[in-house]
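Every number in this text was worked out from the coordinates using simple rules, so none of it is lab data. Computed from a predicted structure; not experimentally measured. Here the Cβ is made from the backbone with ideal geometry for all residues, glycine too, and neighbour counts use every protein chain on show.
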Amino acid sequence: MTAHAQQPTPELFFETVTAYQRTEALKAAIELNLFTAIGEGNRTASEIAARCDASERGTRILCDYLTMIGFLTKDGSSYGLTQDSAFFLDRRSPAFIGSTVDFLVSDQIVEGFKHLAESVRKGGTAIPDSGTLSPEHPVWIKFARAMAPMMYPAAQGIAQLIDPEANRKIKVLDIAASHGVFGLAFATRNPNAEIVGLDWANVLEVSKENAKAAGVEDRYTTISGSAFDVDYGSGYDVVLLPNFLHHFDPPTNEKLLRKVHAALAEGGRAVTLEFVPNEDRVTPPNVAGFSLTMLASTPSGDAYTFAEFDRMFTNAGFSKSELHEISPAIEQLIVSQK
């Protein structure tokens, strides 16, 4: 080894083993409305503390930590928001996504990672009763209420790509509708779009609330139950599959996709939003890493490559599939033609 060769360091180990502290610091800041307080013009620890109903010492320590990890700036004793924090973490911003912590680090999601070694041995979640896939699991209500703001830009991008003219009559089935944002993006752009949301009955209450708030409840109907068991009906121009197929293994997905194929009108399209890693399965990291989430929380889910998705759709009878970027989402869109 030469004198200039890099020496071994435990830095990565310590950064990783204490990474939970970053998560908890961010959660605390969102709970305290700290980013909003700074956005309103409170700059010193004492001003921020008064606005957040917190101690000055605790506020100063938290703000310093958030500065160190990149969420705040500091000039002397004055704190400020970074561009990203102002856009995504100030509750006054229409792009606020802080509510997503209610799902992303909920007890139901984190629990699977507490038993990850067992999941690795088993090849699927160590949580009893299929993890988060048990019928009418309450975590999906959290998901529906928490994740809509993050999904909104992608939903708008999908509707613009699939229905660019936004004036023709179109019938859309939204599978695993959740908050309903993906189907509602079609309805709010196109007055001739009819949307059918499919999900568990308890979750559909959220999508119906959102349809009413958007003023399109007269064109929004629902089907409650398991997507594998219920009758979809037929004649759909578009079937949406947002963030759904990653929960299951390929044979299970192909079974579902055959139902989707049968429900589509001739020339109809299945539109799938998914985490799609490169063929090496390690890049890009924030996409490829989603497979670990599936290992911890589902019996057999995964982050599939485009080649794997293409094979599933082909086996289910689709003629071709194309991959599209949907900015600013890190996920990608697969459009499959009947």
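Between the stretch 112-127 and the stretch 232-262, how far is it from one alpha carbon centroid to the other, in angstrom?
27 Å
Could you check how many percent of all C-alpha pairs in the stretch 111-236 are farther apart than 25 Å?
Above the 25 Å cut-off, the stretch 111-236 has 32 percent of its Cα pairs.
What ³J(HN,Hα) values, in whole Hz, does the Karplus curve 6.51 cos²θ - 1.76 cosθ + 1.60 give for the stretch 27-35 when θ = phi - 60°, with x put for Gly and Pro?
The phi angles translate into 4, 4, 4, 5, 4, 7, 6, 5, 5 Hz.
What is the distance in Å between the Cα centroid of the stretch 15-86 and that of the stretch 275-315?
So the separation of the two Cα centres works out to 35 Å.
Are there trypsin sites (Lys or Arg not before Pro) in the stretch 123-231 that DSSP marks as loop and that have at most 14 other Cβ atoms within 10 Å, and which are they?
Passing sites in the stretch 123-231 are Arg168, Lys169.
What relative contact order, as a whole-number percentage, does the chain give when Cα pairs under 8 Å and 6 or more residues apart are counted?
Contact order relative to length: 13 percent.
Amide H of Thr298: which non-local residues (sequence gap of 5 or more, or other chain) have their own amide H closer than 5 Å, using H built in the peptide plane?
Answer set, sorted by chain and number: Thr125.
Could you state the principal axis extents of the C-alpha atoms in the chain, from the largest down, to the nearest angstrom?
Its Cα atoms span 65, 56, 39 Å along the three principal axes.
If only Cα atoms are counted, what is the Rg of the stretch 1-122, and what is its Dmax, in Å?
Considering the stretch 1-122 through its Cα atoms, Rg and Dmax are 18.0, 56 Å.
Can you tell me how much longer the chain between Asp102 and Lys212 gets when fully stretched, taken as 0.36 nm per residue apart minus their C-alpha distance, in nm with one decimal?
37.3 nm
In whole Hz, with x marking every Gly and Pro, tabulate ³J(HN,Hα) for the stretch 279-290 from phi via Karplus 6.51 cos²θ - 1.76 cosθ + 1.60, θ = phi - 60°.
Karplus-based 3J(HN,Hα) across the stretch 279-290 equals 4, 6, 6, 10, 10, x, x, 6, 9, 4, x, 5 Hz.
To the nearest 10 degrees, how steeply does helix 306-315 sit against the main Cα axis of the chain, on a 0 to 90 scale?
Between the helix axis and the principal axis of the chain, the angle is about 20 degrees.
So which GluC sites (Glu not before Pro) in the stretch 234-285 end up in coil per DSSP with only 15 or fewer other C-beta atoms within 10 Å?
Passing sites in the stretch 234-285 are Glu279.
Among Ala213, Ala316, Ala19, which residue has its Cα furthest toward the positive end of the charge dipole of the chain, with +1 on Lys/Arg Cβ and -1 on Asp/Glu Cβ?
Going by the charge dipole, the pick is Ala213.
At 25 °C and 0.890 mPa s, what whole-number value in µm²/s does Stokes-Einstein give for the translational diffusion of the stretch 249-338, with Rh from the Kirkwood sum over Cα pairs?
Roughly 181 µm²/s, to the nearest whole number.
Are any of the pairs Lys27/Lys320; Lys142/Lys259; Lys114/Lys259; Lys208/Lys259 more than 31 Å apart by Cα-Cα distance, and if so, which?
Lys27/Lys320; Lys114/Lys259
Could you size up the charge dipole of the chain around its Cα centre, putting +1 on the beta carbon of Lys and Arg and -1 on that of Asp and Glu, and report it in debye to the nearest 20?
The dipole of the chain has a size of about 240 debye.
Give me the extension gain from Glu118 to Glu165: residue separation times 0.36 nm, minus the current Cα-Cα distance, reported in nm with one decimal.
11.9 nm
Using alpha carbons only, how many degrees (0 to 90, rounded to 10) separate the axis of helix 139-162 from the longest principal axis of the chain?
Approximately 70 degrees, to the nearest ten.
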